[in-house]
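The values are calculated or read from the model by the stated rules, or taken from the named source; none is laboratory data. Keep in mind that this is a model prediction, so the values were computed, not measured. Note that we place each Cβ from the backbone using ideal geometry, even for glycine, and neighbour counts take in every protein chain shown. Protein only, heavy atoms only, side chains kept; ligands, DNA and RNA dropped before computing areas. Shrake-Rupley method; radii C 1.70, N 1.55, O 1.52, S 1.80 Å.
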Amino acid sequence: MSESEKNRSYFLAFCIEEYKKAKDKTGAEVAALFFDKGVSDYLTSNFDVLHTQSRQWLTEEIDVFLERKAEK
């Protein structure tokens, strides 16, 4: 695994943990949500921009992403 792939994986794990805490869910629930709804792809594809943001901003961005997915 390249360094870039490791960084993206660590970032995704970080986002799962932060979202879990913010939404009072289990890690398994959040991981399933992220993979089922495409959040994991969104986060890893946009890692270069997103990893510089705050925990709160990331949680809000994930909520917006999920709301947009639900509207489609």
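Quick one: accessible surface of Lys37, probe radius 1.4 Å, all protein chains present, in square angstrom to the nearest 10.
100
Need the full-extension length gain, Asp24 to Ser45, defined as separation in residues times 0.36 nm minus the C-alpha distance. One decimal, nm.
Numbers: separation 21, 0.36 × 21 = 7.56 nm, distance 2.58 nm.
Fully extending the segment from Asp24 to Ser45 adds 5.0 nm.
Give, as a single signed number, the net charge of other residues whose beta carbon lies under 11 Å from the beta carbon of Leu50, with Lys and Arg counted +1 and Asp and Glu -1.
Working: positive: Arg8; negative: Asp48, Glu61.
For residues surrounding Leu50, the net value is -1.
Just the Cα atoms of the chain, one point each, no solvent: what log10 I(q)/I(0) does Debye give at q = 0.21 Å⁻¹?
Calculated log10 I(q)/I(0) at the listed q: -0.89.
What figure, in Å² to the nearest 10, do you get for the accessible area of Phe47 with a 1.4 Å probe and non-protein molecules left out?
The accessible area comes out at roughly 30 Å².
At Phe14 and Phe35, where each label point lies 7 Å from the Cα along Cα→Cβ, what is the point-to-point distance in nanometres?
2.2
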